[in-house]
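First comes the structure, then the notes that go with it.
We did not get these values from a lab; they are worked out from the coordinates using the rules stated. What you are looking at is a predicted structure, and each value in this text was computed from that prediction instead of being measured. Cβ sites come from the backbone with ideal geometry, for glycine too, and all protein chains shown count toward neighbours.
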C-alpha cells in the first residue's frame, strides 16, 4: 500500500490509473473537450470532401474506422518494436564510448533517446502533416458514420 503514495515506485497499472483519473477530471471540469477537438479535426479543409460520395461514402468511412480500430494497434506494436530495436542497436554502439568516459550504462540509453527525439523533432515536417491529415480523415469518418 505504501507504493501508492510514492510515485517513483509506481508500475504501469498505477500510471494508467492515474492518467485515466486526470483525463476524466479534465473532461468533467471542461479543461479538455474531446468533442470540440474532433469537430476541429473533422472540419479541416483538406478532408471536407472526403466520404461525400452519395452511394458509398458512409461505407468507405465505416471501412476506414474498422481498419483503423483493428489494424491500428498492430501497427503501433510494430512501430514500438522497431523503435526499441533501433534504440538497442544505437545504444550498443554508444555504450563503449560511455564506458570509456566512466559514465553509467543507462546514460547511453538516455543519449540515444535524446538523439532519436531530436531527430523526430527535426524531421517533423515529413511525418506531422500526413499524421494530422489521417487524424482529420478519421475524425471526418466518425462524423459521417455517427451522423
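General observations
- Helix 106-122 and the longest principal axis of the Cα set of the chain meet at an angle near 30°.
- Additional length obtainable on full extension of the chain from residue 31 to residue 10, 0.36 nm per residue less Cα span: 5.0 nm
- Taking other C-beta atoms within 10 Å as the exposure proxy, 23, 109, 29 rank 29, 23, 109 from fewest upward.
- Protection-proxy order for peptides 7-15, 111-119, each taking the mean of Cβ atoms within 10 Å per residue, highest first: 111-119, 7-15
- Angstrom value of the Kirkwood radius, inverse mean 1/r, which spans all Cα pairs in the range 16-55: 12.4
- The calculated P(r) of the range 1-92, using every Cα pair and 10 Å bins from 0, goes 12, 20, 31, 26, 9, 2 in percent.
- Largest first and in whole Å, the equivalent-ellipsoid semi-axes of the range 16-147 read 39, 19, 14, each the square root of five times a Cα gyration tensor eigenvalue.
- One quarter of the convex hull surface built on the alpha carbon atoms of the range 65-104 amounts to 3.2 nm², the projected area averaged over directions.
- Computed from the C-beta positions of residue 123 and residue 63, the FRET efficiency with R₀ = 30 Å rounds to 0.45.
- Spin-label pair residue 114/residue 76, simplified geometry with 7 Å Cα→Cβ offset, distance in nm: 2.9
- Distance between the 7 Å Cα→Cβ label points at residue 17 and residue 88: 3.1 nm.
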